[in-house]
Amino acid sequence: MTDQHLVSSPDHSPSASVFTGADVCELAGLTVLPGSVRPVFDQDVWVLDGLADAHRMMGAVEKRWDFTAITNPAWRRMAKELMLALLAPTHEAVARLPHAHRERLSPRTCRKHLNSLIKWLSWLDNHHVRSLAEVTQLHCDQFLQHAFVKHDPNGIPTETANTPGSVAARVWVLQLVAIYGELFSTDRYQPGFTPWNGKPANTVAGHQRAGENRTPPVPLPVLQPLLAACLYLVDTIGPQLVELREEFRRAPEWGSAPPGRLTGAWPTAGARPTRYCRSTSARWGVSSATASCCCATSSRSGPTSNTPSGCWGSSMPGAATRHQWSARTAASPAPGRFRCPTTRSAAWSPRSAPPA
């Protein structure tokens, strides 16, 4: 598309845009995934599928900015200039504008403003307005009435009305065209014209902000202990967990000792053995496995209930038992796994025991 194909206002001749040939993502400071398509300002369709920091609620439709919905070529370029100015407020040409926004809007927000701008320009085109210089306050008031009514995809009015909040968003877009008018290279409003004389969009649409949130704030007696607990977790517990995780990663895997070496030791108090295995190889399922139970009694501690399920030892009053297991699994059909003969619980594995 060249400048001679642009239709502009009589008082404003087309000129080269300050954004001609610009990489949209680079100029706006948007991070793009490697290998993704990078839209250029001169393209009529901007594909932003490769945005790395896109809002998680931004769908595929919102990442495709189709300016071809604007039939007037001059307005199409004007729309692209406005969108890029909202994305790149620090650009030299944008920063010179006295009333331009100084904070960058997100791509998702700009996409919503583009939808409102397309509706405004389509309405002007349907009402035989061929230049923004022809726009008057009467056009803006008529469009405001039109914006309060919902329309189906075919443009037919429905019985449902738009909320004042959504109408205020459209009013604001009409005023953005006046704020950024000096930046546009093809068409703009008449000098000095601003829809509704710059009155706030919420006031024009009759939208009243709710003010404070409807949900009551958390009382301080509840909030302060909660924040204190969170700070304790972050400042005190957190660093210790990080160190413990690193220590765990550096530690060897449990049960990695060679066959025949002690792999687990549990200090427990057990129950007096009442049955003994008549056939060790049959009950344990390990033909060459041996298990030893070393019991050490101490009168200074009473009986506890820390015995692992299925283990056998001493239950004498005041006795503390230390059970140790070892297994040779060279010829075992199930290396490292044996079952205690006095229980039907699941097989115990040396890998499941904590280090001594």
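Read-outs: derived from the displayed coordinates by stated rules, not from any lab. No experiment lies behind these values; they were computed from the predicted model shown. Neighbour counts are summed over all protein chains in view; Cβ atoms, including those assigned to glycine, are modelled from backbone coordinates with ideal geometry.
Figures for the structure shown
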quantity: Inter-label distance, nm, simple model (7 Å from Cα along the C-beta direction), Cys230/Thr203; calculated: 3.8
quantity: Contact order normalised by residue count of the stretch 3-205, Cα under 8 Å, 6+ apart, percent; calculated: 23
quantity: Separation of the His55 and Ser106 label points, Cα + 7 Å toward Cβ, nm; calculated: 0.4
quantity: Asn154 paired with Ser36, simple spin-label distance in nm, labels 7 Å along Cα-to-beta-carbon; calculated: 3.8
quantity: Rg/Rh for the stretch 3-205, where both radii come from Cα atoms and Rh is the Kirkwood radius; calculated: 0.95
